[in-house]
Amino acid sequence: MSNEQKKESPTDTVSYFFNVAAEQLGLSEEICQTLIKPYREITVEVPLRRNNGHLDLYTGYRVQHNGSRGPYKGGIRFHPTADIEDVRALAALMTWKTALADIPFGGAKGGVTCNALELEKDELERLTRIFTSKISLILGAQRDIPAPDMGTDAQVMAWMMDEYGKRHGHTPEIVTGKPIELGGSIGRNEATGHGTSVIIAEAIADFNLSFDKVVIQGFGNVGSHTALYLEQMGAKIIAISDYYGAIHNPNGLPIQQLFQYAAERRPLTDYSDADQISNQEILELECDLLIPAAIGGVITGENANRIQASAIFEAANSPTTISGEQVLADRGIPVFPDILVNAGGVIVSYFEWVQNIQQFRWDINRVDKEMKEMLIKAYKNVSEIHKSKGVSLRTAAFMVGVERVAKSTELRGYLT
């Protein structure tokens, strides 16, 4: 890791992109200071008695960044990288993402610094319930609504809902991304990947891009569903990766078969009809579209010169650092930003919340139709500003989101 990478924290990255957008919008210093700082941060100890009798002490976080447009909204991740710095930056991203999508939420994020893959199912349940009990007083269906993220899934959301309900009464709308049997929305599990494919389809037509060679770094929920939807659109996926490594076949990979690998938690490297490469090498393959769909900070000033993609679509949160973005801009490689590309997940989370409140379930056709309409509207707003103002796609996306939050902040009287 270079010194440049060590210095640039996730919060630095998000703050930088915010400041660029704020300058373009001509926002005052007062409102910038109001918008950039989180409203509340909570850090809790999460003690877990393991099945071997050992007591492990984990640290959990919930950051509520801005709620001027509605209840706080953001995922819970159980991951080794989930520290306060990471969670704080992701909470801010959620503020701008929900505003860009024009849904009535603010931004939040939470997490526990742990490796969920190392926990037995009953250990994961105990960890979830302990963490939920520690933060339950700042949650609420009209206050703060968690959702799945890295290392968490529908089952974890079910445990969170149940634990919250023990203290506050049955409240299915307290979390989104739940199992359908407990009030989850049809289409939510695949929504982020599906939404990514919707944005890619718009961009291909708008920017005259090709998808004959697609590389996806990360094959969890987001990456695997993105691959499935792109394959259905006619794309050829030539490389994918997971926690254990990456595989590459220039003739294309059988995504349906490898989707089963992911569902069964089998390493992709078990697949024999492909070359095994590293998670770093996959980023540098020659391709039409590169889709980072794993952790943040993977495209940096150190490796951006070796990127051989025609365009980058950020299905992950914050995969590109400030220095990485600058190198890519100098090389003329467009970066379609995370707060646009992966917004399908939070849009369908909003639909789930609405369905829970109304106690009325939508069918898949309505979910897909409404999601596509909202994503395409957001895409067109970003594309128009990008072209008319001559700013990057990321700056354009931030400008839409930041301006909406600034307006709601002003209308609420927070600056008086």
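Computed values, structure above
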read-out	value
Candidates Arg188, Arg331, Arg88, ranked by Gaussian network fluctuation over the chain, Cα under 10 Å, top entry	Arg331
Extension reserve of the Asn52-Leu182 stretch, reckoned as 0.36 nm per residue once the Cα distance is removed	43.6 nm
For region 393-401, Karplus couplings with θ = phi - 60° (6.51, -1.76, 1.60), whole Hz, Gly/Pro x	4, 5, 4, 4, 5, 5, 4, 4, x
Long-range HN-HN contacts of Gly301 with modeled amide H, under 5 Å	Ser323, Gly324
Label-point separation, Ile138 to Asn365 (7 Å along Cα→Cβ), nm	4.4
Sites matching GluC sites (Glu not before Pro) across region 261-359 that sit in DSSP coil, with at most 14 neighbouring C-beta atoms within 10 Å	Glu264
Burial ranking of peptide ranges 21-27, 366-372 (average Cβ count within 10 Å, highest at the top)	366-372, 21-27
Dimensions (Å) - region 38-178, Cα atoms, principal axes, largest first	47, 33, 21
FRET E, pair Arg266, Glu85, Förster distance 30 Å, beta-carbon r, rounded to 0.05	0.35
DSSP beta bridges in region 38-178 [antiparallel fraction, %, rounded to 5]	65
Rounded to whole Hz, the Karplus (6.51, -1.76, 1.60) HN-Hα couplings of region 34-43, x for glycine and proline	5, 7, 7, 8, x, 6, 8, 10, 10, 10
The chain - share of DSSP beta bridges that are antiparallel (%, nearest 5)	50
Mean shadow area of the chain over all directions, Cα convex hull, nm²	19.7
Among Ser349, Ser392, Ser133, residue whose mean-square fluctuation peaks in a GNM of the chain (springs only between Cα atoms under 10 Å)	Ser133
DSSP-loop chymotrypsin sites (Phe, Trp or Tyr not before Pro) across region 336-385, with at most 14 other Cβ within 10 angstrom	Phe360
Among Leu283, Leu328, Leu57: highest mean-square fluctuation, GNM of the chain, C-alpha pairs under 10 Å	Leu57
Distance violations [Cα-Cα > 31 Å] among Lys134/Lys380; Lys37/Lys236; Lys121/Lys369; Lys97/Lys134; Lys134/Lys369; Lys37/Lys134	Lys134/Lys380; Lys37/Lys236; Lys121/Lys369; Lys134/Lys369
Label-point separation in nm, Lys121 to Leu415, each point 7 Å along Cα→Cβ	5.3
Sum of -39500 (n - 2.57) over DSSP H runs of 4+, divided by residues of the chain (222 nm, nearest 500)	-14500 deg cm²/dmol
Linear extension gain, Lys387 paired with Glu23, 0.36 nm per residue minus alpha-carbon span	129.3 nm
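Rule-based calculations on the coordinates, nothing more; no lab input. Just so you know, these numbers come straight off a predicted model, no measurement behind them. No Cβ is skipped: glycine too gets one built from the backbone with ideal geometry, and neighbour counts run over all protein chains shown.
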